[in-house]
Structure formats: structure tokens, C-alpha cells
1. Applying a 10 Å radius around every beta-carbon, put 506-516, 400-410, 210-220, 487-497 in order of their mean neighbour count, most first.
2. Looking at segment 85-244 from every direction and averaging, what is the projected area of its Cα convex hull in nm²?
3. Answer rounded, prolate or oblate for segment 7-140, using the Cα gyration tensor with square roots of eigenvalues a ≥ b ≥ c: rounded when a/c is under 1.5, else prolate when a/b is larger than b/c, else oblate.
4. In cubic angstrom, how much convex hull volume per residue do the alpha carbon atoms of segment 185-236 span?
5. Arrange the following residues from fewest to most other Cβ atoms within 10 Å of their Cβ: 148, 448.
6. What's the center-to-center distance, using Cα atoms, between segment 415-475 and segment 319-345 in Å?
7. Could you line up 124, 314, 180 from fewest to most neighbouring Cβ atoms inside 10 Å?
8. If you average the alpha carbon positions of segment 496-510 and of segment 213-238, how far apart do those two centres end up, in angstrom?
Ligand code: FAD
Ligand code: DLZ
Ligand code: SF4
């Protein structure tokens, strides 16, 4: 059991520096820990505000609290003084700022050094620390990313139309990853066209490494079950790594067993197979157990050693060096206004099926099922099933954003918000992606085996038995015609819509209205 230092700081010697470390900053090389000195204190606090700002999946809370406790123990083993405030400390103020103030009273430090947080909400509060605490506060850049916030702003300044692909190429040049001389390895920057295969029948899938909870994790699981057991999501079967050593094992296992096929089947979905060839490393990257640089470098080494093909390694590196860095840059350059935009004026309430309610749509049931079981779904499931549905049904951006932020173990505002608000909902009017990823049931059928046993008929376009994605797709295009018709990348689709006669359009809109106003979902 971890205990806080006594709350009464009277009579204590003045400490050098107080260094708060947040639950997603569990990296020994963290910028604010770089010059730890004798007499410094690291503060870590489990607080109610962070465990409840959305109804997090219980596995996400357990992962973070257990990883925090393990990280604190590792720091202590290295001789660092850690002041750790557990969730059930009766004196706990349950806010990060409150715990910092209490720790200042205990230790009377000369100054505070922190690393910038991953959320605007926390960043704003950090801005008040200096005046509230009457102490010098230094906030360091989070250098666990390839591209700092200021670098991104400079790189994309005056270039609002700058797209991920352009940014990614620049990051390849700057990092030297997958480069041959001045050009991309293999002669092309992007192997996406090779990376859209369906899973062939009978293909062997790798057995994925999961981790048995140790005594520390068991204690956290009991606490989480007790306090957050009513949140959406299963806690049984918790198998995430909670230490850097285990996260490194998971990474090695991914690179040897799954990375070689990652590219080919990156977009594929299969009922009952939750992980396929994906990395399962985003929670570790996002809380600091792994760094982006080591992950990309190890993947590149696998290609250079002939253990994985270039289309797989490039596809994987692009997700991290390209997308992950790009969405973070968008978040910090566009916040706080970014979250308020609602380009398509979407406003429907999030249906109960997202929180576990019954649905006859097999694809939705599959993706929400893996989310409940694992606090995980892979990218195409998030984008083209639950995300696509929210886009087509016109769900209010804030409600669907809250869902994504709550239910995935890897969800932090800086990465979740641009993916949902921008990539999925097009609520930013195209700042992140040039067009909405809207798709009918045909896409889901092409990339999965979900449709075969669905109660809805993929072949029917309208009517009570038709696949809802079919008419919702066209209805979405009709409803948003004014806003999307002039988008150059939508011209082909709007050309197809123009070919539909008034009767067909009316049937589409009738089916959509009947479905959306009904109680089938
Ligand atoms: P892999 O498929 O193995 O990919 C490798 C790594 O690439 C991931 O671990 C991740 O770090 C990175 N990556 C891939 N795509 C993206 C992306 N679009 N943005 C940022 N990083 C990416 N990722 C999060 O880390 N946190 C989120 O809250 C999150 N929310 C998302 C919400 C939606 C609607 C969508 C469409 C995507 C979201 N993603 C998010 C991106 C992506 O789905 C996850 O990173 C990925 O599924 C994590 O699983 P993996 O480690 O097996 O990834
Ligand atoms: C997500 C999370 C949770 C569930 N709990 C804590 C916590 O108890 N203490 C803490 O320091 N951090 C926690 N976090 C992570 C924070 O929410 C995260 O650091 C901020 O959102 C900034 O990214
Ligand atoms: Fe989903 Fe439509 Fe396929 Fe059913 S038929 S699984 S609703 S895409």
C-alpha cells in the first residue's frame, strides 16, 4: 500500500524543487525529471477530478493508477524521494492543483518544475500555479514527441491547407526514418495502396501477449471495481502492461509476431478477433512507458534486418511519425476554439447502444463489444464503424467525443479530440482531413465479415430491412449538400447523387427518418 507523506509540513527542511508528474508522464527521461537533484521531491497524485472528468472505462483507470504506482516504486528504487497521494487518502483534495498546493505546504519547495500536460484543461490550470502558489514555476516542453508545439506551429504557419501527408514527409526528412539519401526508402513515401487487403480465410493470427496482474495491480483492480465498477467496460481479463519492462516485451512481441502482416491487413476487421496484427501499444506510448522514437526506430530496424516488409513498416511508422504527431500539432495550434466548432451542425443525442444497449447492427455490436471487453478497438473500427455511424447519424460532436475519451485505454484529449472532432465528425470544416470519411455498408462489407450474419440486408438500399449505413450515407450527403458539394474531393460522390431521381432521394430520406426517429437502435 502506498502512503502519502504526513500532511503536516511544519518543522521540515525546505526542499529544493517540487516536480509534479502526471498519470500520462510516466517516463524516466521526462523533461522535468532531467536534472533531479538531492532534496528534490517528485509529487504524484491519484485524484478524483482526473478519474471522473469522463466516465472512463475501468481498465483505463486501472492501467493508469497501476502504472503510476509502479513508476513511483521505480523512482524510489533509484533513490528519488516520491510523495505519492493515493486515491483513498482521506486528506486528498481530489484535484491536481489542490494536491500541488498541499505538497507545497508539506515540502516548502523553492520552485516547481513540470512538463507540459496533454490537455488544454490542465494546461490552463498550470497557468495559475505561479500566482496561486507564489512560487516560480517552470513548465518544460514535452520532448517525448518528434515535433514540439512551437515547431509544428512554425512548420504549418500560413499553410492552413497543409495536410498530414506533407507534414509526414517533412518529419521523415527531419528524423531520417526510412530514408535512403534524400528520398524515401523504396522510392515512394506511402505504401497505402498495398495496405487494404481483406483477411483471407484460414490465415493464422498471432496469439497476443497479455500480462497477468501482479499484487500492485490486483490492489488497484479491487479499488477500481469498488469505485468505478458501474462505468461502461469490463474489468475482468485486464491484461495491459503497467511497467516499462512489460511494455517493451509487448513491443518486441508485436515487432516479431505481428508487424510483418500489419500493413497488408491494417484495415481489415473480423468478428471475434479483437486485435489482428495491430500494435496494441497506444496506451503505453500515451502514458509514457514507451517513446515514439524507440518504437519507430525498432520498427525500422526490423525492416533493415529483413524481418518485416517495407509496406508494413512504412504504414506503421506513418501512424506514429505522421498521424500521431500531426493530430497533436493540430490540437495545440487550434485549441481552445477547436472543440467548439460544429461545421455540419450535428446535434442528435448519442444513442444508448454506444454505452452497451442492444443493437441489431452486427458491425456496431462487434466494435462496441471489443471496446467493452478490452478498452480497445483498432483504427478502422473506430473510424469506419462507430465513427462513420456517428457522422452519418449527425450525433452532437461533444457527446461522441466524450464517448471516445471515456472508453479507450489510450484516450487523452490531445489525441482523441482531433481524431473524433476532425477526422470522424468533420466538425472542424476540414482543418484536419480534407473530406469526411463517410461510407455506406459496402465499405464495411468489403473490409470485414460482419455483414454475413447481420439482421439487416446489405443489398437493400432502403426500407426497414436495408442496411442502415446504406440510406444514412446518402441521406447524410443530401442533408449536407450545401456544405460539402463544393469540396473538390466530394465531386465524384455528388455527381452520383445528382443521378438519383427524386423518388429515390425521397425513399432514402424516408428510410433515414424512420430509422433515426424510431427505437431500433
Ligand atoms: P496500430 O494500428 O498498431 O498503430 C500504431 C500506432 O500508431 C498506435 O499505437 C498509435 O500510437 C498511432 N496511431 C495510429 N493512428 C493514429 C491516429 N489517427 N492518431 C494518433 N495516433 C495514431 N489513438 C490514441 O492513441 N488515442 C485516442 O484517443 C484515439 N482516438 C481515436 C478516435 C478515433 C475516432 C479514431 C478514428 C482514431 C483514434 N485513435 C486514437 C487512433 C488509433 O485508432 C489508435 O491509436 C490505435 O487504434 C491504437 O491501437 P494500436 O496501438 O493497436 O495501433
Ligand atoms: C487519465 C488519468 C486518470 C484516470 N487518473 C489520473 C490521476 O489520478 N492522476 C494523474 O496525475 N493523472 C491521471 N490521469 C491522467 C491525466 O488526466 C492527464 O495527465 C491529464 O489529462 C493531462 O494529459
Ligand atoms: Fe453493419 Fe450494414 Fe453490414 Fe449489418 S449489413 S453489419 S448494419 S454494414
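1. Final packing ranking: 400-410, 506-516, 210-220, 487-497.
2. So the mean shadow area of the Cα hull is 16.9 nm².
3. rounded
4. Taking the convex hull of the Cα positions in segment 185-236, it is 226 Å³ per residue.
5. Values: 148 17, 448 24.
Least to most surrounded, the residues fall as 148, 448.
6. So the separation of the two Cα centres works out to 21 Å.
7. Working: 124 12, 314 28, 180 9.
So the residues, fewest neighbours to most, are 180, 124, 314.
8. After rounding, the separation between the Cα centres reads 50 Å.
Every read-out reported here was derived from the displayed coordinates using simple, explicitly stated rules and does not represent laboratory data. A quick note: this is a predicted structure, and the numbers were derived from the prediction, not measured. Counting neighbours? That spans all protein chains shown, and the Cβs are built from the backbone with ideal geometry, glycine included.
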